[in-house]
Structure formats: C-alpha cells, structure tokens
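Where a number appears in this text, it was derived from the coordinates with a stated rule and is not lab data. Note that the structure is a prediction, hence the values are computed from the model and not measured. Note that we place each Cβ from the backbone using ideal geometry, even for glycine, and neighbour counts take in every protein chain shown.
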Amino acid sequence: MKKVLTALALAASALALAPAAQGADIYRAVSSGPAESPPNGSPGSSIATLEIDGSLLRAEVPFRDLVAGTTVAHIHCCTTEAFTGVAPPAISLVDFPMMVTAGEYSHTFDLGDAAVWDPAFLAQFGGTPSSAGAALLAAMDANQAYLNIHTAEYPNGEIRGFVVAAPIPEPATWGMLGVGLAGLALAARRRPGQLKGRMA
C-alpha cells in the first residue's frame with residue numbers, strides 16, 4: 001500500500017509540472033431522453049467526448065439503455081440559443097453501430113474533407129470545409145451544437161446532449177492533488193503504534 005501511495009504521489013507531482021496539451025479543444029456532450037426536443041422518458045444515456053485538434057475531430061461516444069435499436073447519430077448545428085432549440089445535422093457519425101441499444105463509437109473526422117459535412121450545412125455556411133468548421137466550432141463554444149442519437153422508437157432522436165467545453169484543471173489544482181497524495185503516502189508510512197502514541 002505504501003508503494004502504491006508513493007507512486008501516486010510521484011505521478012501527481014509529474015502531472016503538476018507537465019505542460020498542458022497544446023492545440024486540442026475538448027468538449028463533452030451528456031445525452032439523455034429528457035434533454036430531447038420534445039423530451040421523452042428514455043432511460044438511455046451517453047457521455048461523449050469530442051476533441052478538435054487542428055482539422056481533426058475525434059468522437060468517442062459510449063451509449064447505453066436505449067429503448068430501441070439505433071438508426072443514425074449526428075452532430076447538429078446551430079441552434080439560435082444556447083442549450084435549447086433544434087438544428088439540422090452538420091456531421092453524420094459514419095459507421096455508428098446500428099440497431100443496438102448499447103455500445104461504443106470511436107471515429108476521427110477530417111474536417112477539411114467536404115464529404116464529412118452534411119451538404120446542406122456546408123452550403124449554408126460558406127460552401128467550404130473551413131467555413132463550415134469555423135461555424136461548428138463557434139457553435140460548440142456557444143453551446144448551440146448538440147449530439148443526437150436516433151432510434152427506431154424515436155426517429156427524431158432518443159437521446160441528445162448539448163456540446164460544452166470540458167473544464168481543464170488549473171496547474172494549481174494538479175499541484176494541490178500532488179501535495180495531498182504525498183501527504184497520504186507519508187501518513188501511510190507511519191506505524192499505527194507511533195500514531196497512537198502521539199495521539200495519547
């Protein structure tokens with residue numbers, strides 16, 4: 001146990017000193033039935049991660065407990081207000097698992113490829129992948145884009161979640177974690193008898 005705590009303390013200290021990843025923007029989309037428009041009672045859920053690094057968008061979309069088999073999934077954009085309204089698809093999640101109620105999806109999209117974009121979205125936002133990408137990124141930053149998983153029971157969407165920027169821990173937070181873990185490691189080294197004697 002002592003060795004584990006010591007290793008954790010060293011790892012946390014290393015993380016505190018490591019530079020933050022440059023150039024990548026991380027977003028989350030927490031999807032549910034009540035978040036749909038209109039809301040529904042689906043017990044389904046998903047906590048997806050979207051990472052944009054240059055022209056690449058990496059989507060990690062686990063999902064579970066849907067009431068019917070999946071038919072399609074999209075990133076929709078752009079609503080007129082944050083966290084509300086509906087919008088057309090911007091990107092179809094190609095090769096999304098079909099006719100299942102649970103699974104995991106992982107795919108990397110090249111946003112510089114016009115074929116990635118829904119043709120209507122591409123045309124609406126300048127007709128080029130770069131202008132479409134700029135519009136999507138601005139909408140994600142403004143909470144006006146959402147992930148939607150459609151099923152046979154809910155063809156307009158069984159679960160959805162608006163895309164929000166993921167918080168990035170401050171360096172001071174990592175430093176405090178390292179100090180806390182180091183303190184735990186030090187406390188674990190003390191023998192129970194020594195600690196009891198000091199408390200008497």
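Pairs, please: C-beta under 6 Å, at least 6 apart or cross-chain, first residue farther than 17 Å from PRO97 by Cβ and in segment 43-55, second of a type in the set (A, V, I, L, M, F, W, C) and surrounded by 14 or more Cβ atoms within 10 Å (Cβ to Cβ)?
Close Cβ pairs (under 6 Å, with a partner that is of a type in the set (A, V, I, L, M, F, W, C) and surrounded by 14 or more Cβ atoms within 10 Å (Cβ to Cβ)) amount to LEU50/ALA59; GLU51/ILE26; SER55/LEU111.
In the set ALA48, ALA68, ALA87, ALA82, which member is hydrophobic (A, V, I, L, M, F, W, C) and under 17 Å from the mean Cα position of the chain (by Cα)?
Working: ALA68 fails: under 17 Å from the mean Cα position of the chain (by Cα); ALA87 fails: under 17 Å from the mean Cα position of the chain (by Cα); ALA82 fails: under 17 Å from the mean Cα position of the chain (by Cα).
ALA48 is the lone residue from the list that is hydrophobic (A, V, I, L, M, F, W, C) and under 17 Å from the mean Cα position of the chain (by Cα).
What number of residues within segment 53-69 are more than 21 Å from PRO119 (Cα to Cα) and in a strand (DSSP E or B)?
Start the filter on segment 53-69 by keeping residues that are more than 21 Å from PRO119 (Cα to Cα), which leaves 53-54, 60-69.
Subsequent filtering for residues that are in a strand (DSSP E or B) retains 53, 60-64.
Counting residues in segment 53-69 that are more than 21 Å from PRO119 (Cα to Cα) and in a strand (DSSP E or B) gives 6.
Taking only segment 145-166 into account, find how many residues are in a loop (DSSP other than H, G, I, E, B) and surrounded by fewer than 23 Cβ atoms within 10 Å (Cβ to Cβ).
Narrowing segment 145-166 to residues in a loop (DSSP other than H, G, I, E, B): 152-158, 166.
This time we only want the ones that are surrounded by fewer than 23 Cβ atoms within 10 Å (Cβ to Cβ), so: 152-156, 166.
The number of residues fulfilling the criteria is 6.
Of everything in segment 117-130 that's assigned to a helix (DSSP H, G or I) and not small (Gly, Ala, Ser), which residue is surrounded by the fewest Cβ atoms within 10 Å (Cβ to Cβ)? Give the derivation first.
Narrowing segment 117-130 to residues assigned to a helix (DSSP H, G or I): 119-124, 129-130.
If we keep only those that are not small (Gly, Ala, Ser) as well, we get 119, 121-122, 124, 129.
Working: PRO119: 10, PHE121: 21, LEU122: 19, GLN124: 16, PRO129: 19.
Across segment 117-130, the extreme among qualifying residues is PRO119.
Going residue by residue through segment 70-87, is there one that turns out to be touching an Asp or Glu at 6+ places or on another chain (Cβ under 9 Å), part of a strand (DSSP E or B) and not β-branched (Val, Ile, Thr)? It would help to see each step written out before you state the result.
To start, the set of residues in segment 70-87 that are touching an Asp or Glu at 6+ places or on another chain (Cβ under 9 Å) comprises 70, 74.
The next check asks that each one be part of a strand (DSSP E or B); those that pass are 70, 74.
After this cut, where a residue has to be not β-branched (Val, Ile, Thr) as well, the list is 74.
Within segment 70-87, one or more residues are touching an Asp or Glu at 6+ places or on another chain (Cβ under 9 Å), part of a strand (DSSP E or B) and not β-branched (Val, Ile, Thr).
With the structure loaded, tell me whether ALA114 is touching a Pro at 6+ places or on another chain (Cβ under 6 Å), without any contact (Cβ under 8 Å) to a residue 24 or more places away in the chain and either within 20 Å of SER37 (Cα to Cα) or surrounded by fewer than 17 Cβ atoms within 10 Å (Cβ to Cβ) (or both) or whether it fails that test.
Working: touching a Pro at 6+ places or on another chain (Cβ under 6 Å): yes; without any contact (Cβ under 8 Å) to a residue 24 or more places away in the chain: yes; either within 20 Å of SER37 (Cα to Cα) or surrounded by fewer than 17 Cβ atoms within 10 Å (Cβ to Cβ) (or both): yes.
For ALA114, the condition - touching a Pro at 6+ places or on another chain (Cβ under 6 Å), without any contact (Cβ under 8 Å) to a residue 24 or more places away in the chain and either within 20 Å of SER37 (Cα to Cα) or surrounded by fewer than 17 Cβ atoms within 10 Å (Cβ to Cβ) (or both) - is met.
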